[in-house]
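The values are calculated or read from the model by the stated rules, or taken from the named source; none is laboratory data. Quick caveat: nothing in here was measured; it's all calculated off a predicted structure. We place every Cβ from the backbone using ideal geometry, glycine too, and count neighbours over all the protein chains shown. To get the accessible areas, we keep the full protein, side chains included, count just its heavy atoms, and leave off ligands, DNA and RNA. Shrake-Rupley method; radii C 1.70, N 1.55, O 1.52, S 1.80 Å.
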Amino acid sequence: MSQSRVTDPFLEAAKEEARQGAAEGGLPIGSVIVHQGKVIGRGHNRRVQQNSVIRHAEMDCLENLGRIPPHIYRECTIYTTLSPCYMCSGAMLLFGIPKVVVGENRTILAADDFLRSKGVEVEIVDDPECYELMQTFITNKPGIWQEDIGNAGVYDLYAQAPIS
């Protein structure tokens, strides 16, 4: 008897955003914010498209959501196709978002432990499509990927070592 994989509709919505980002020539990273079982905000990495230094998927999602009452953030879950960076994690902490669902963190393990240390629930799905989207992008556009993670070719921020 084979086990069927249950598809999370909110992670699927984040993957739709990631695919849209890739179709626009940007990074395939997507995010949605869910409140009481409904997507209330969505976005994808638009750093390339908007020539932006901060428009990561989670930041785009928050920006697209707009201003909402503070207590609503504290009742939300944010879904993201890739492990969130410290900038995006800081925004989640600032607004008190209590849970993040991460599509995959094999490509880069960014601020997952940092979020946990601050009391945020972090769920890792390890979704194969999220991983494949990133691997294809990195193979095709390694320079843009390095730029996106803040690596100007001098220092590997995540490994804490000089790049050889």
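If you check every pair at least six apart or on different chains, which have Cβ atoms under 9 Å apart with a residue in the range 21-37 that is within 15 Å of D60 (Cα to Cα) and modelled with pLDDT of 95 or more first and a residue that is open to solvent by less than 10 Å² (accessible area, probe 1.4 Å) and among the hydroxyl-bearing types (S, T, Y) second?
Listed by first residue and then by second, the contacts come to P28/T81; I29/T80; I29/T81; G30/T80; G30/T81; S31/T80; S31/T81; V32/T80.
May I ask you to say which residue of G150, G119 is surrounded by fewer than 21 Cβ atoms within 10 Å (Cβ to Cβ), at pLDDT below 95 and assigned to a loop (DSSP other than H, G, I, E, B)? Lay out the reasoning, then the answer.
Numbers: G119 fails: at pLDDT below 95.
Testing whether each residue is surrounded by fewer than 21 Cβ atoms within 10 Å (Cβ to Cβ), at pLDDT below 95 and assigned to a loop (DSSP other than H, G, I, E, B) leaves just G150.
Determine which single condition E104 fails, assuming it passes every other condition in (1) under 13 Å from L11 (Cα atoms); (2) open to solvent by 10 Å² or more (accessible area, probe 1.4 Å); (3) assigned to a loop (DSSP other than H, G, I, E, B).
(2)
Which of (1) under 15 Å from the mean Cα position of the chain (by Cα); (2) modelled with pLDDT of 95 or more is the odd one out, the single condition I54 does not satisfy?
It fails just one condition, (2).
Check S89 against each of (1) open to solvent by less than 10 Å² (accessible area, probe 1.4 Å); (2) of a type in the set (S, T, N, Q); (3) under 15 Å from L133 (Cβ atoms) and name the one condition it does not meet.
With respect to (1) open to solvent by less than 10 Å² (accessible area, probe 1.4 Å); (2) of a type in the set (S, T, N, Q); (3) under 15 Å from L133 (Cβ atoms), S89 is out only on (3).
Does G41 satisfy the condition of being assigned to a strand (DSSP E or B) and surrounded by fewer than 21 Cβ atoms within 10 Å (Cβ to Cβ)?
Values: assigned to a strand (DSSP E or B): yes; surrounded by fewer than 21 Cβ atoms within 10 Å (Cβ to Cβ): yes.
Against the criterion (assigned to a strand (DSSP E or B) and surrounded by fewer than 21 Cβ atoms within 10 Å (Cβ to Cβ)), G41 qualifies.
Looking only at the range 18-38, filter to residues that are aliphatic (A, V, I, L, M) and farther than 22 Å from I72 by Cβ; which one of those is surrounded by the fewest Cβ atoms within 10 Å (Cβ to Cβ)? Lay out the reasoning, then the answer.
Of the range 18-38, the ones aliphatic (A, V, I, L, M) are 18, 22-23, 27, 29, 32-34.
Narrowing further to those that are farther than 22 Å from I72 by Cβ: 18, 22-23, 27, 29.
On the way: A18: 28, A22: 20, A23: 10, L27: 29, I29: 33.
Selected residue: A23.
Could you check E75 against (1) open to solvent by 50 Å² or more (accessible area, probe 1.4 Å); (2) closer than 30 Å to N140 by Cα; (3) touching a residue at least 40 places away in the same chain (Cβ under 8 Å); (4) not aliphatic (A, V, I, L, M) and say which number it fails?
(2)
So F10 clears everything in (1) open to solvent by 70 Å² or more (accessible area, probe 1.4 Å); (2) of a type in the set (F, W, Y); (3) within 15 Å of E129 (Cβ to Cβ) except one condition, right? Which one?
It is condition (1) that F10 fails.
Can you find a residue in the range 133-145 that is open to solvent by less than 50 Å² (accessible area, probe 1.4 Å), touching a strand residue (DSSP E or B) at 6+ places or on another chain (Cβ under 6 Å), modelled with pLDDT of 95 or more and within 26 Å of G37 (Cβ to Cβ)?
no
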